[in-house]
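A short worksheet on the structure shown next.
The values are calculated or read from the model by the stated rules, or taken from the named source; none is laboratory data. Please read all numbers here as calculations on a predicted model, not as lab measurements. Cβ atoms come from the backbone with ideal geometry, glycine included; neighbour counts cover every protein chain shown. Side chains are part of the model used for accessible areas, which takes the heavy atoms of the whole protein and leaves out ligands, DNA and RNA. Shrake-Rupley method; radii C 1.70, N 1.55, O 1.52, S 1.80 Å.
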Amino acid sequence: MGTLAMLTTDEVIDRVLGTETPGHGDVREQLRAARDAAWAATSPRLLELCRVRIAMLLGCDAETEARTPGTEVDDELIRSVAAWPTDRGFSAADRACLAFTEHYVMDVASLTDQAVTDVREHLGDEGVQNFVSALLIVEQRIRLRLAWDRLMGGR
């Protein structure tokens, strides 16, 4: 199967649910459709920053190193994601969404109304709903990938 650790999450999904695995094509296509919907639902730039932060928090080095095409995020800003609270390269909207993302990933039950309000101030009512939906898809794809990495021993 080759090492999963060196593959992108899309490549891992394709490998695990590939054509040689009967009955999984529909699941693979639904995961692709969910991914595409997430990136269409909110700012690709903002979602890329949050995707990288999620990957860092979950210890998914391959996702931390990967870049999503068309997000218009430069490598310098990506390298600064861990320092978002103090790095001047991040806007107020970036900070609100990254703060929300960290709480969401670490303990979704601890999210406060204020965290949602902070995001809503920048994205609006529909924007916050779309952002949270997109965040869920991005996070779950990374967690699924990490589970497969572990179950398959990096094969």
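Remark: the chain carries a charge dipole of roughly 360 debye about the Cα centre, counting +1 on each Lys and Arg Cβ and -1 on each Asp and Glu Cβ. Taking Cα atoms only, the orientation of helix 25-41 departs from the longest principal axis of the chain by about 20 degrees. Model label points for Val108 and Met152, set 7 angstrom from Cα along the Cα-to-Cβ axis, are 2.5 nm apart.
For Leu111, the shell of other residues with beta-carbons less than 13 Å away shows a net charge of -3, using +1 for Lys and Arg and -1 for Asp and Glu. Could you tell me the calculated FRET efficiency between Ala82 and Ala33, based on Cβ-Cβ distance and R0 = 30 angstrom, to the nearest 0.05? Given R0 = 30 Å and the Cβ-Cβ separation, E is 0.45. Taking Lys and Arg as +1 and Asp and Glu as -1, the other residues whose beta-carbon sits under 14 Å from that of Glu121 total -3.
Helix 44-58 and the long axis of the chain differ in direction by around 70°, with both axes built from C-alpha atoms. When the solvent-accessible area of region 94-155 is split by element, carbon and sulfur atoms take up 52 percent of it, the probe being 1.4 Å. Using the rule -39500 (n - 2.57) for each DSSP H run of four or more residues, divided by the residues of the chain, the 222 nm mean residue ellipticity is -22000 deg cm²/dmol.
Counting only alpha carbon atoms, the long axis of helix 113-151 and the longest principal axis of the chain meet at about 20°.
Counting only GluC sites (Glu not before Pro) that are in a DSSP loop and have at most 11 other C-beta atoms within 10 Å, tell me the longest site-free stretch of the chain.
73-155
Shape class of region 1-79 from the alpha-carbon gyration tensor: oblate, with a/c at 1.5 or above and b/c at least as large as a/b. Per residue, the accessible area of region 39-155 comes to 53 Å², computed with a 1.4 Å probe over protein heavy atoms only. Beyond 22 Å, the tail of the calculated P(r) for the chain holds 42 percent of the Cα pairs. Restriction of the trypsin sites (Lys or Arg not before Pro) in region 45-105 to DSSP coil positions whose beta-carbon has at most 11 other beta-carbons within 10 angstrom yields Arg88.
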